[in-house]
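Heads up: the structure comes next, in structure tokens.
The values are calculated or read from the model by the stated rules, or taken from the named source; none is laboratory data. All values derive from a computational prediction rather than experimental measurement. Backbone-built Cβ (ideal geometry, glycine too); neighbour counts: all protein chains shown. With ligands, DNA and RNA removed, areas are computed over all heavy atoms of the protein, side chains included. Shrake-Rupley method; radii C 1.70, N 1.55, O 1.52, S 1.80 Å.
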Amino acid sequence: MSASRIPPDEERLVPPNFITEIIDEDLRSGKYDQIVTRFPPEPNGFPHIGHAIASFIDCGIARDYRGRCHLRMDDTNPLTEEMRYVEAIKRDMAWLGWDWGEHFYFASDYYDRLYEMAEQLIKEGKAYVDSLSEEEIRAYRGTVEEPGKPSPYRERSVEENLELFRRMAAGEFAEGEHVLRAKIDMSAANMKLRDPILYRILKAEHYRTGDRWKVYPMYDFAHPLSDFIEGVTHSLCSSEFIDNRAVYDWLVENLAGKCGLPEWPRPKQIEFGRRSLEYTVVSKRKLIRLVERGLVDGWDDPRLPTLAGLRRRGVRPQALIAFARKVGISRTDRTVDIALLEWAIRDDLNPIAPRVMAVTEPLKLVLTNYPEGRVEELEAPYFPPDVGRPGSRKVPFGRELWVERGDFALEPPRGWKRLAVGEHTRLRHAYVVRVDEAVTDEAGRVIELRATYLPESLGRNPEGARVRGAVHWVAAAGAAPAEFRLYDRLFKVPFPDAGGGDFLDHYNPDSLRVLSGFVEPSVLADDPGTRYQFERLGYFWRDPELGRGEKPVFNRIITLKDTWKRPEKRKAGKSAGRQRQPQENKSAALEGEQRVVFERCLHLGVGEAEALQIARSERLRVYLEDCSGFGPPALAAPWVVHVLGPAIRAGEVRVSPEELMELLARMEKGEFDRRQVKQALERAQQEGGVPLELARELAASRLPEDELRRLVEEVLAGNPDKVAALQAGKTGLIGFFVGQVMRRSQGRADPEQVQSVLKEHFNL
């Protein structure tokens, strides 16, 4: 394979981020000549959407740099791992479009070499066999505030350690009787460095190696050394492993050039912020509870976040890649609004899904003036003009039709634009009809509509008739019976596993509705893998497990629009209403991802003016997301938009999100006022420096209160005419006096404090 190269931004699958900046510098400096990453799942469960995002980072970056990405099963726990999970991972990663070629590996491939490396550390006095119990090891490790203390077995001789370790491997000891630990530093601030366990005894059969091994390496031992063995250059992982990096680096440093490992290149670990998704859970333990309780139908249930479930639902891999791309990469963890995923799915399906008609809750509509026995075929396009794709089909039309029950109202509310007695409504791609009668059963339930069709209305509105909206339909003659499975969000709240309690308390019993209806007959001749937009209903496709029989089963992939809109907070009062209107007009123009970002900001308490600016600027959005890792985004938003906004948009901001949030947190505690914070940020941006230190300098130079009062008296004494005017009722002169005091103090006075002193003086 040719050497890696830095790709132009327009050619990148993965947008530029802090990881690509590191890689770019590594290539420029000649540190590496080829980029090698790896995607290393543990085969103990089915891949989920989090794996899609992680694999996008690992494999996408390798693709951008013309490097390679290995697929490796980190299979070091025989108690939980199975070959069926290996096959599922391979299938799902290939479905996403990742190609690892010949570079498919198992950590268990390296068990012999890993064992050799463990013995090497023992021989160098850098590892020892510890005989403390699990509880004792935990107690000896200490706490965050207190250093650990060495095990009484820490100073065993090399010979004794080798003998014990070999006997462990031979199966002579019981589980938990001994472990192999690295000898690093029991007083290290990073508790991961307090003699981490490298090997433990497990008398379990491994799904690949059988019962050959009685000891198994820990993840923190096997993972970095597997990277090293494979020639990985950049080991990308989520932020939960940030403390583990110290162990990673220690092992690489101490084994480089030994046991067949090269001196160079050495792998480096880089952590990125974790991404969690609203309205779902990805914990294997919690997914198992859903499956075992029968709340979902197996691991490929279309409501689950597993890739198998998403695939069965009808989501295409292109949508998940687009979603991962939009989510972005940063150092901070964040929760992703599920609306962003739903938008990505809709955006992917819109240009490829032919429009057809289906009725999920059928109500018969009889056209009393249409000739009995007559069936005509009407031409209907597959795609609307804005999609710009050709194609059409013949749709049968006759005397009896099926319409949606929900499209008729006996007592229509104000503004109703569907079927109602006495009203004219357009049938999609067909005629205008007027409902004349609604037939009901003994219980008063409508069982049939009788209507008149207007023969001259095909393709045009009839004269003298006010047409109220349009509805979809299916001709009873030739209609194909079908089942429709309407999937929705699995939980009723965004964070089902937050705040204690049982996450199942938030299970959404309406996450699946099964309906029987009809679909137009043209669908039966299509490829079973076709995704459709059933007009006015949503995007659907045939269930690959259930939908191949005589009566097709269609899964709803996604609704046409977000049906879970959050209520926006509205300020009370007429003035608030007047202020809101222009902003509402502007936000109405937002579409797609911008609309998702705007509504997410409102949900987080960001003001509408700031939310609008953030939605329209990718750089503002990313900066605010990074701020959210250090404090509430609602606090940061005005400063991000109005103070640092120009620099952020220009890509020249010198204040980090962490620095901003630390400064704002101190302001909230009363350490600084808003003016000092603004001045500190402006100075930091113009001159450099740490904003917090600059704010402290400004606070230290603040004018003492006694000196401030003296200046106020001097200004008042020098302007007797204006004092008299203010006393006569011209209170607007307060601003004049504040300005005079600020000039005399050379900006050292706090304007709010000046105003307070003036109001006190004039009894205002």
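Over all directions, the projected convex hull of the C-alpha atoms in the stretch 390-489 averages 9.4 nm² in area.
Sorted from longest to shortest, the spans of the Cα atoms of the chain along the three principal axes equal 101, 98, 53 Å.
Only protein heavy atoms count here; under a 1.4 Å probe, T332 has an accessible surface of about 20 Å².
Quick one: of the DSSP bridges fully inside the chain, what percent are antiparallel, nearest 5? Walk me through the numbers before you get to the answer.
Values: 56 of 85 bridges.
Looking only at bridges with both residues in the chain, the antiparallel portion is about 65 percent.
Within the accessible surface of the chain, defined with a 1.4 Å probe on protein heavy atoms only, the carbon and sulfur portion equals 48 percent.
Rounded to the nearest Hz, the phi-derived 3J(HN,Hα) couplings of the stretch 28-38 under the Karplus curve 6.51 cos²θ - 1.76 cosθ + 1.60 (θ = phi - 60°) are 4, 7, x, 4, 9, 10, 9, 8, 10, 10, 8, where x marks glycine and proline.
Is the C-alpha gyration tensor of the stretch 331-400 telling us rounded, prolate or oblate? Criteria: a/c under 1.5 is rounded; beyond that, a/b larger than b/c is prolate, otherwise oblate. The shape class here is oblate.
Write down Rg/Rh for the stretch 149-293, rounded to two decimals, with Rg from the C-alpha atoms and Rh from the Kirkwood relation over Cα pairs. Working shown, then result.
On the way: Rg = 18.2 Å, Rh = 17.8 Å.
That ratio equals 1.02.
Remark on R468: its backbone amide H falls under 5 Å from those of H424, T425, R426, a criterion applied only to residues 5 or more positions apart or on other chains, H modelled at 1.01 Å from N.
Ignoring lysines fewer than eight residues from K730 along the same chain, the ones with Cα atoms less than 23 angstrom from its Cα are K722, K759.
Each Lys or Arg adds one and each Asp or Glu takes one away; over the other residues whose Cβ falls under 10 Å from the Cβ of H472, this sums to -1.
Would you mind giving the three semi-axes, in whole Å and largest first, of the ellipsoid equivalent to the stretch 220-303 according to its Cα gyration tensor?
Details: eigenvalues 278, 39, 22 Å².
Square roots of five times the eigenvalues give 37, 14, 11 Å.
Under a 5 Å amide H cut-off, with hydrogens placed 1.01 Å from N, D436 pairs with G422, R450, A451, T452 among residues at least 5 apart or on other chains. Average accessible surface for the chain: 46 Å² per residue, computed with a 1.4 Å probe over protein heavy atoms with every protein chain in place.
Each residue of the stretch 616-627 was assigned a 3J(HN,Hα) from its phi angle through the Karplus curve 6.51 cos²θ - 1.76 cosθ + 1.60 (θ = phi - 60°); the sequence is 8, 10, 4, 5, 5, 4, 5, 5, 5, 4, 5, 4 Hz, with glycine and proline shown as x. For the chain, the list of Cys residues with no other Cys C-beta under 4.7 Å reads C237, C259, C601, C627.
Protection proxy ranking, highest mean first, for peptides 25-34, 186-195, 478-487: 478-487, 186-195, 25-34, where packing is the per-residue count of other beta-carbon atoms within 10 Å, averaged. With a cut-off of 13 Å between beta carbons, the residues surrounding G538 carry a summed charge of +4, where Lys and Arg count +1 and Asp and Glu -1. Classified by the C-alpha gyration tensor, the stretch 121-189 has an oblate form. Its axis ratio a/c, with a ≥ b ≥ c, is 1.5 or above, and a/b does not exceed b/c. Each peptide among 50-62, 502-514, 264-276 gets the average number of other Cβ atoms lying within 10 Å of its residues, and from highest to lowest they stand as 50-62, 264-276, 502-514. Note on the stretch 1-53: Cα-only Rg and Dmax are 14.3, 40 Å. The 3J(HN,Hα) values that the Karplus relation (6.51, -1.76, 1.60; θ = phi - 60°) gives for the stretch 465-476 are, in residue order, 10, 8, 8, 9, x, 9, 10, 8, 6, 9, 5, 4 Hz. Gly and Pro appear as x. Using the Cβ of V232 as centre and a radius below 12 Å, the other residues enclosed give a net charge of +2, where K and R count +1 and D and E count -1. Annotation: amide H-H contacts under 5 Å for L202 (H modelled 1.01 Å from N, sequence separation of 5 or more, or interchain): V215, Y216.
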